[in-house]
1. Among all the lysines, which ones have a C-alpha under 26 Å from Lys133's C-alpha, if same-chain residues fewer than 8 places away are not counted?
2. Using the charge dipole of the chain (Lys, Arg: +1 at Cβ; Asp, Glu: -1 at Cβ; taken about the Cα centre), state which of Gly64, Ile112, Leu12 has its Cα farthest towards the positive end.
3. Roughly how many nanometres apart are two label points built 7 Å out from the Cα toward the Cβ at His70 and Asp4?
4. What list of ³J(HN,Hα) couplings, whole Hz, do you get for the stretch 71-86 from phi and the Karplus terms 6.51, -1.76, 1.60, once you set θ to phi - 60° and write x for glycine and proline?
5. Determine the relative contact order of the chain: mean sequence separation of Cα pairs under 8 Å and six or more apart, normalised by residue count, in whole percent.
6. For Phe126, Phe107, what ranking results if the residue with the fewest other Cβ atoms within 10 Å of its Cβ goes first?
7. How big is the dipole moment of the chain about its Cα centre under a simple scheme where the beta carbon of each Lys and Arg is +1, that of each Asp and Glu is -1, and everything else is neutral? Debye, nearest 20, please.
8. For the chain, compute Rh as the Kirkwood radius over C-alpha pairs and then the Stokes-Einstein diffusion coefficient at 20 °C and 1.002 mPa s; write the answer in µm²/s, rounded to an integer.
Amino acid sequence: MASDFARYIANLRQSLFDEKLLDRHFLQLERLETNNEGYLEDVCADYFKDAAKFVGLMVPELQGHPYDAHSIESLLHRFKGMATGMGAIQVTHQIDCMREHLKRGDFEACKIALERIKQENEFLQFKLDNYFKLRKQAPPAEIEDQPEYGYMDTDSE
C-alpha cells in the first residue's frame, strides 16, 4: 500500500512535466534538494511570493496612459528570469506572449496576458502545493525509491 502511494506521488510529479507546467530547470532544483531537505519547497515558496510582487508591480503600469513600455519590459525580463529558473514553462510562455504584445504597443492585450500569467502561476502553485503536501505524507524511504521521471521533451525552448 505504501508503494502504491509512492507510485501515486511519482505519477502526480510526472504529470507536472507531461502537462508542460514544468521543465528540466525544476529537475535541477529538485536534485539540489537531496542534500538539503525542504530546499525545493522553499525555492517554490520564494518564487510564488516574488511572482505575486512582480504581478502587483505590473498592474499599475498597465492602468492607463502614459504607459511606460520600458518599465514594463524591465519587469517582464526579470520575471521571466525567475520563472525560467524555476522551470515554470507555461508562465514563461505567457510572459513571452505579453512581451510580444508590448513590442506591438498593444497594452489591452498586455492586460489580458497579465491575467493569463496570474492564472498560470496560481494553477502551478495549486499543483505544487498539492504535490508537496502528499510528498510529506509518504514515508521517506518510499519517496527516495521513486523512479527518475522528468521532462520528456528534448528541448522546447
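FYI, it's all coordinate maths here, none of it is from the lab. None of these values were measured; they are calculated from a predicted model. Using ideal geometry, Cβ is built from the backbone for each residue, glycine included, and neighbour counts are taken over all protein chains shown.
1. Lys133 reaches Lys20, Lys49, Lys53, Lys118.
2. Of the options given, the answer is Gly64.
3. Result for the modelled spin labels: 6.2 nm.
4. Each residue of the stretch 71-86 in turn: 5, 5, 4, 4, 4, 5, 4, 5, 5, 5, x, 5, 5, 5, x, 7 Hz.
5. Contact order relative to length: 39 percent.
6. Working: Phe126 10, Phe107 17.
Exposure proxy ranking, most exposed first: Phe126, Phe107.
7. Charge dipole, the chain, about its Cα centre: 360 debye, nearest 20.
8. In µm²/s, the coefficient is 128.
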